[in-house]
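Heads up: the structure comes next, in structure tokens.
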Amino acid sequence: MTALPAEEARAIVARYPSPRSAILPLLWLGQRTAGHVTPEAVQDVAELLDLRVSEVESVLSFYTMFRRRPPARCRLEVCRSLACAMKGAEEIVEHVREATGVEPGGQSEDGQFSIAYVECVAACDHAPAYIFNERMGGPLTREAALALIRGEGVGRP
Amino acid sequence: MSSTPPGAAAPAPPPSTVACTINGRPHTFPRGTLIVDAVRQVGHPIPYYCYHPKLAPVGACRVCMVQVEGPPVAARGPIVTTGCTTPVFEGLKIETMSEPAKLARRQVLQFLLINHPLDCPVCDKGGECDLQDFTLGYGPGVSEFAEPKVLRRKAADLGPFLVLDQERCIMCQRCVRYESEVLGEQNLVLKERGDRTVIDTGQGEPYAGYFSGNNTELCPVGALTSRTYRFKARPWDVRPVASVCQGCSLGCNVTAQTRAGRIVRLMLRDNPAVDGGWLCDRGRYGFGHSASPDRLTAPLVRRDGRLVPASWDEAMAAAAGGLRRAGGAAVLGGARLTDEEAVLLAELTRVALRTNDVDWRVGRQRFAAPEAVGARGAAIADLDGADLVVLADTCLVEEAPVLEIRLRRAASRRTAVLDVGPVRNFRIGRSTRVPCPPDGLAAALASLGPKVAAAARPVVIWNGRGSEDVAEAVRALGAPVLVPGEWSNARGAEKAGLVPDALPGYHALDDAAPVEAAWGASVPRHPGRDARAILEAAAAGSIGGLYLVGANPLRTFPDGGLAAAALDKVPFLVVQDLFMTEAAAAADVVLPATGPLEKAGHVTNLAGNRQTLAAVAAGPGGARSDGDIFHALAAACGVALTGRAPEVATEPVRRVLTPGGGPPAGPGGGALRLLLRTRLYAGGGTTAFDPNLAPLREDAVLRLHPRDAAAAGLEDGGAAYVKGGGSTLTAAVRVDPDVDAGHAELPAHGFGPTRLGAWVDVQPAPAEALPGRAAAIAAVSAR
């Protein structure tokens with residue numbers, strides 16, 4: 001095992017009566033360790049749980065909150081569920097696309113920022129809501145979005 | 001239901017069945033029967049994709065909608081539900097063609113086609129596609145879906161044999177479930193989710209298992225197809241012929257499909273008693289040798305040191321003359337013949353060549369039928385109900401792959417597997433290893449006596465290798481035995497008397513009367529020599545001529561140095577084969593034979609099932625069937641063969657054989673004990689010459705324990721020199737803890753390993769030392 005901190009990984013496995021239950025927590029551990037889930041981490045999880053790599057890959061690819069490549073420095077996720085969509089979430093993302101050329105779900109070539117849609121983040125009262133580097137905020141504006149991805153504004157407005 | 005008066009005969013069905021109606025007619029089914037099975041059994045059509053009789057229900061495709069009414073949903077009136085996940089209930093009214101059921105199916109089919117490309121005109125599945133057929137039968141004529149379709153990968157490469165069209169896939173998950181439930185391998189899984197879900201291998205690597213092709217028959221649409229069949233034919237253009245695979249001794253039943261005389265594909269033909277309705281990839285795709293441009297197409301005779309084409313008459317005269325010269329002739333091979341041809345060869349040997357120097361055992365197997373060592377034979381289906389299976393240093397997945405599927409299934413229930421030997425033979429599923437050195441097998445088996453005796457229904461699987469004491473240990477276990485053969489019809493060859501110390505039908509040499517009566521000729525009574533003794537005599541120059549029938553001892557005989565010396569020294573060599581093998585290249589006369597897909601007859605599989613072989617393809621012009629060649633060769637010797645097989649002796653003789661065909665044992669030479677083991681894609685025979693299998697050949701792959709690898713400085717995926725017996729072999733390295741420390745494993749039928757002797761040294765080699773193909777394998781295993 002090379003991609004997971006061994007002690008922590010074994011402790012996670014020990015928490016569950018069935019080893020398979022530890023797939024998600026171990027993948028989280030992999031993401032915390034390297035910033036994203038590496039192919040080596042997937043192999044480690046499979047080996048640790050005596051599963052096929054393919055089964056772990058199948059689980060991993062099902063969930064959108066796991067990253068398969070190194071994260072951008074500024075990660076903006078914009079909610080587009082009903083309330084946020086009605087408050088203009090998609091127009092904001094479209095504005096960012098026009099200003100930067102980066103498609104939703106994409107990442108800038110220099111690794112500075114990524115932008116993506118997410119489903120309801122339970123902040124409809126702040127619509128359009130967003131998550132920036134794992135912290136929730138809102139309401140988002142075009143200007144705030146551009147400031148966030150430039151790294152000029154962090155935290156709740 | 002009315003109550004039955006006491007004492008009256010109870011007319012009610014027993015509680016293990018339930019009565020219900022289907023389309024208004026009453027029926028009774030065992031409790032727990034799924035509606036889809038019930039409907040099928042009584043002959044009503046019902047569409048389905050995800051449902052498959054050999055897989056657990058999943059309810060993924062939703063197209064088997066039926067209307068049901070009655071308990072336990074009586075209060076709700078008629079409802080529409082999936083027939084594949086709902087069992088029949090007492091009093092249930094099932095309607096398959098009611099308007100609500102038809103509407104539900106129509107809508108489901110419309111939904112399944114939303115992102116389907118409708119590229120039937122260029123799809124290999126066209127004409128045998130359930131999506132086509134059911135849409136025609138139950139679907140809407142036109143789609144209401146006007147939006148753009150999701151575009152995905154066409155012709156995605158999933159490995160050597162599989163091609164996936166992601167757009168055609170309807171996510172029934174038959175392939176994923178087969179991989180998981182039947183194989184326990186999960187080579188294919190679902191990835192992503194929602195409308196982005198695709199079938200894929202784990203990390204995009206090529207499909208790694210031995211059973212990928214079954215997916216192409218399970219797939220109800222044109223998503224998973226065979227690379228070898230792409231754009232080759234339409235189902236209505238092909239001629240199907242029922243035959244039997246001769247890739248190994250299991251003899252899986254196949255339907256071969258030909259177009260204009262050429263084989264385009266092999267399909268499974270479910271025989272529950274033999275193959276359980278599965279094929280391995282070597283069997284399914286290993287038909288490419290038949291139409292290979294490298295086939296021998298004319299007899300060759302050596303003139304002025306060179307092999308030149310000759311007529312059959314010239315070749316027969318030369319062969320007959322050479323084999324009857326001073327010193328006498330000996331015959332090796334015959335385990336790839338049909339039963340009938342094996343008897344002809346036995347008659348040719350005894351009556352025309354006047355010798356008992358004949359042996360089919362040009363490899364490591366010594367015994368073919370359990371009865372020949374005094375043991376009881378097991379049926380293949382005995383594995384299903386066995387509580388204990390002893391694997392006597394036999395690796396089913398390499399030696400009889402489809403039998404491994406059956407064992408995995410049994411082991412996933414309650415069968416305990418004891419895996420005896422220096423290598424883990426059973427890798428998927430529960431098993432207990434009983435490690436032993438290669439020459440400690442007899443003792444290890446003896447130690448299992450009490451466990452086998454305590455089992456209610458034990459089965460021993462043993463590949464017939466090892467000396468007399470191993471045979472005795474197997475017999476002493478007292479359990480029914482299956483003997484996977486080193487060649488497809490080893491059992492037929494043994495029964496036909498292609499051994500030095502028994503006549504056809506297991507008659508002893510001093511019990512020759514029935515044989516002589518059948519043939520109308522006398523047979524020699526003095527015991528002949530076995531393969532080792534024949535090769536030793538040839539190497540010593542004391543045999544006049546050697547006749548190799550579908551045999552290449554240079555690759556298969558465990559002492560390659562002896563085989564080389566024999567072929568070098570023997571004054572006259574006749575080789576009968578499909579290809580210019582190493583042995584054929586050394587011959588004085590080469591006789592081109594037809595292959596197992598090109599001749600009719602019968603073959604006997606590892607459990608003694610006699611099966612019928614059909615001539616599927618014509619074979620190259622100029623080649624003749626082995627049987628025709630035996631007739632012609634006998635005629636050239638002045639003998640007319642009868643081909644009659646004498647009755648089997650009621651008490652099969654237990655033959656005593658000169659011990660072992662293995663290389664010299666004992667220490668010295670090297671640090672690691674060499675293990676020669678069967679590998680599915682290694683070796684001679686047709687595998688070595690089959691273009692379909694070429695990407696997978698692994699003639700020179702060294703497997704060894706991590707500790708031995710580390711000690712020698714070898715890395716997984718690297719290259720190694722294997723040295724022993726004054727010989728050096730270059731091999732790709734696979735580090736594998738399943739090989740016990742102290743051993744070095746090489747494929748038995750590859751070219752070279754048999755010259756190394758019993759003990760070898762290994763050391764790192766530069767990657768460029770590997771031949772191209774092995775380098776490719778190294779790259780794959782390094783990934």
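The values are calculated or read from the model by the stated rules, or taken from the named source; none is laboratory data. Just so we're clear, the structure is a prediction, and the values are computed from it rather than from any experiment. All Cβ positions, glycine included, derive from the backbone under ideal geometry; neighbour counts span all protein chains shown. SASA here: full protein model, heavy atoms, side chains in, ligands and nucleic acids out. Shrake-Rupley method; radii C 1.70, N 1.55, O 1.52, S 1.80 Å.
Only protein atoms count toward the accessible area here, which uses a 1.4 Å probe; on the range B:238-306, the carbon and sulfur part of that area reaches 49 percent.
Give a quick list of chymotrypsin sites (Phe, Trp or Tyr not before Pro) in the range B:417-509 that DSSP marks as loop, anything other than H, G, I, E or B, with at most 10 other Cβ atoms within 10 Å. Here no chymotrypsin sites (Phe, Trp or Tyr not before Pro) fit, given the DSSP loop and packing criteria. Calculated [222 nm] ellipticity per residue, helices only, for chain B: -6000 deg cm²/dmol; basis is -39500 (n - 2.57) per DSSP H run with n ≥ 4, divided by all residues, nearest 500. Short-range pairs are left out: with C-alpha atoms under 8 Å and at least six residues apart, the relative contact order of the range A:6-62 is 29 percent.
Hull volume per residue, based on the alpha-carbon atoms of the range B:17-112 and their convex hull, is 90 Å³. Taking every full run of DSSP H in chain B, the ones that stretch at least 18 Å from end to end by Cα along their long axis and average -1.0 or higher on the Kyte-Doolittle scale are B:99-112, B:401-413.
Temperature 37 °C, viscosity 0.692 mPa s: under these conditions the Stokes-Einstein estimate for the protein assembly as shown, based on its Kirkwood radius over C-alpha pairs, is 104 µm² per second. Computed over Cα pairs, the Kirkwood radius of chain B leads via Stokes-Einstein (0.890 mPa s, 25 °C) to a diffusion coefficient of 86 µm² per second.
Loop-resident chymotrypsin sites (Phe, Trp or Tyr not before Pro) (DSSP state other than H, G, I, E or B) in the range B:220-259 with no more than 14 further Cβ atoms inside 10 Å of their Cβ: B:Phe231.
On the protein heavy atoms, probe 1.4 angstrom, tell me the percent of accessible surface of the range A:1-139 carried by carbon and sulfur. Here it works out to 52 percent. Of the residues A:Val13, A:Ala34, A:Leu48, the one whose Cα sits farthest toward the positive end of the charge dipole of the range A:6-62, with +1 on the Cβ of Lys and Arg and -1 on the Cβ of Asp and Glu, is A:Val13.
For the range B:1-152, relative contact order (Cα pairs under 8 Å, six or more residues apart, normalised by length) works out to 22 percent. From helices alone, chain A scores -12500 deg cm²/dmol at 222 nm; the rule is -39500 (n - 2.57) for each run of n ≥ 4 DSSP H residues, then divide by the residue total.
Electrostatic bookkeeping for B:Leu268 treats Lys and Arg as +1 and Asp and Glu as -1; over the other residues with beta carbon under 15 Å from its beta carbon, the sum is +2. Taking the Cα centre of chain B as origin and assigning +1 to Lys and Arg Cβ atoms and -1 to Asp and Glu Cβ atoms, the resulting dipole is close to 1120 debye. Distance from the alpha carbon centroid of the range B:515-587 to that of the range B:145-208 works out to 50 angstrom.
Taken across both chains, chains B and A shield about 1100 Å² of accessible surface from a 1.4 Å probe. Based on protein heavy atoms only, chain B ends up with 38 Å² per residue of surface accessible to a 1.4 Å probe.
Its relative contact order, with pairs defined as Cα atoms under 8 Å and 6+ residues apart, puts chain B at 12 percent.
With Cα atoms as the point set, the radius of gyration and Dmax of chain A evaluate to 17.8, 51 Å.
Compared with its chain on its own, the range A:48-62 contains the following residues whose accessible area drops by 10 Å² or more in the full protein assembly (probe 1.4 Å; ligands, DNA and RNA excluded): A:Arg52, A:Val53, A:Ser54, A:Glu55, A:Glu57, A:Ser58, A:Ser61, A:Phe62. Taking every Cα-Cα distance in the range B:672-782 and sorting them into 5 Å bins starting at zero, the pair-distance distribution P(r) comes out as 2, 14, 25, 27, 21, 9, 3, 0 percent. Within chain B, antiparallel bridges make up roughly 60 percent of the DSSP beta bridges whose residues both belong there.
Helix A:23-34 axis versus longest C-alpha principal axis of chain A: approximately 70°, rounded to the nearest ten. Taking a straight line from the alpha carbon of B:Lys495, these lysines sit under 22 Å away, with near neighbours fewer than eight places off in the same chain left out: B:Lys599. Solvent-accessible area assigned to carbon and sulfur over the range B:399-507 amounts to 54 percent, based on a 1.4 Å probe. Counted over the range A:74-150, the DSSP beta bridges are approximately 55% antiparallel.
Taking the C-alpha atoms only, the angle from helix A:89-100 to the longest principal axis of chain A is near 90 degrees. For the range B:101-199, GluC sites (Glu not before Pro) meeting the loop criterion (DSSP other than H, G, I, E, B) and having at most 15 other Cβ atoms within 10 Å: B:Glu128, B:Glu144, B:Glu192.
Secondary structure note: in the protein assembly as shown, about 60% of the DSSP beta bridges are antiparallel.
Relative to the dominant Cα principal axis of chain A, helix A:39-49 is inclined by about 40°. Which of the three applies to the range B:370-480, rounded, prolate or oblate, going by the alpha-carbon gyration tensor with a ≥ b ≥ c and a/c under 1.5 meaning rounded? Because its axes are fairly even, with a/c under 1.5, the range B:370-480 counts as rounded.
Among the residues of the range B:170-208, those with an accessible-area drop of 20 Å² or more from chain alone to full protein complex, heavy atoms and 1.4 Å probe, are B:Glu185, B:Gln186, B:Val189, B:Leu190, B:Lys191, B:Glu192, B:Arg193, B:Gly202, B:Gln203. Mind scanning B:Lys191/B:Lys232; B:Lys154/B:Lys191; B:Lys54/B:Lys93 and naming the pairs with a C-alpha gap bigger than 19 Å? Over 19 Å apart, Cα to Cα: B:Lys191/B:Lys232; B:Lys54/B:Lys93. Centre-to-centre separation between the Cα atoms of the range B:686-751 and those of the range B:475-494: 28 Å.
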